[in-house]
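These notes concern the structure reproduced below.
Derivation of every value follows stated rules applied to the coordinates shown; laboratory data play no part. Please read these numbers as outputs of a predicted model, since none were measured by experiment. Every residue, glycine as well, gets a Cβ built from its backbone with ideal geometry; the counts of neighbours run over all protein chains shown.
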Amino acid sequence: FDNAFTFDEAAPWEAGAPLSPAFSFDAATTQASRGVTPSSGVYAQQQQQQPAEPSRASTPAMVYAQAPPIPLEGLQQWCKQLESDVASFKQEQQTRLVEGIDTQSIDNLRVTYTTMLQAVETRLAMLHQLQRETLLQAEHVYLVDDTCEELSALGSALSILRAELEGVHTGVKYQRSVTPGLAKLIIRKQPFPLVARKTDQLSEADQVVIQLLTPSIFDCPTSIVQVQLLSDSTPLSRALSTHDQLEPDGVCFDGSFCARFNFAFNDGTKNSAVAVKFSVALQTPAGVALVETPQSRPFVVITHKDQWKGSAGMLLKREAFDRQVRAL
């Protein structure tokens, strides 16, 4: 691969370490003729040096860390670079599939995507190990969560692009115009857990962002993104209906298949921790396919300031006892 997904010897999240250069789609689809694959480069060597995720039986006692041993800001910067590179690959893959793509190019792309997925999975394993073994400061707990979610989203996007290649007939123009089975709806950004007051509205900085991950060729008409309020993973009773509790209860996608919710909280959640999940209907020749997100992190809406202490304590207990990470 010519300048495709390689790093210097320094870990990519260390201060001053260069991020990967821009990916080259052409390099990824031609370099194999010279016998070079991602698994033989500097990047692959660095991947092999990363520690494997230990078994639970060998997990040491948890230790306290004033600061995470992994500079999370650098890792998030790495994610942003990878996100840009994945977007470039997606656009090029669309062009190649429409114009016609050969077997060699498909095989090389699969290897490229597999290498990129291994990079994501290695970093996820490191963060999961950090969660199991380290007592983190509260602000670091959610920074780790956000980074894990970002890595998971990138992994899903790469998996979809790789899966799209599986059914392609090489040497001919791409014929499959509808691929709803490869679409995945995710919560890309969320401000939860949170204690909000009745009549509060989320600011633009705290909005919930939903994204539909799609293959490079995707032409399914979509409905608006619907939201459902949940309590303990089940829909709430009519007394706490989504329509009465939250506004808006539906938003349209923008051009990048993102939907942004600046929720206004119309009523309290009756001293209960709740969550939301989102869904969208895809119109296909075979019928309507419903795609849903996992549920969000929990939140509570209070109607009086005296309820804040109990509500915050409820969320704290969930964090302390329902998770492996403990916030100090």
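Extension gain for GLN81-ARG110 works out to 8.4 nm (0.36 nm per residue, less the C-alpha to C-alpha distance).
The alpha-carbon of LYS90 sits under 24 angstrom from the alpha-carbons of these lysines, leaving out residues fewer than 8 places away in its chain: LYS80, LYS173, LYS184, LYS189. If you stretched the chain out fully between HIS304 and ASP102, how much longer would it get, using 0.36 nm times the residue separation minus the C-alpha to C-alpha distance? Length gained between HIS304 and ASP102: 66.3 nm. Modelled spin-label separation between SER279 and CYS252, with each label point placed 7 Å from Cα along the Cα-to-Cβ direction: 2.2 nm.
For the pair ASN262 and ALA138, label points projected 7 Å from Cα toward Cβ lie 2.7 nm apart. Taking label points 7 Å from Cα along the Cα-to-Cβ direction, ALA312 and HIS128 give a separation of 3.3 nm. If you filter region 74-174 for GluC sites (Glu not before Pro), then keep DSSP loop positions with at most 14 other Cβ within 10 Å, what is left? In loop regions of region 74-174 (DSSP not H, G, I, E or B), the sparsely surrounded GluC sites (Glu not before Pro) are GLU166.
Work out how much length THR95 to VAL209 would gain on full extension: take 0.36 nm times their residue separation and subtract the Cα-Cα distance, in nm to one decimal. Between THR95 and VAL209, full extension yields 38.2 nm more.
Of all lysines in the structure, the ones whose alpha carbon falls short of 23 Å from that of LYS305, not counting any fewer than 8 places away in one chain, are LYS198, LYS270, LYS317.
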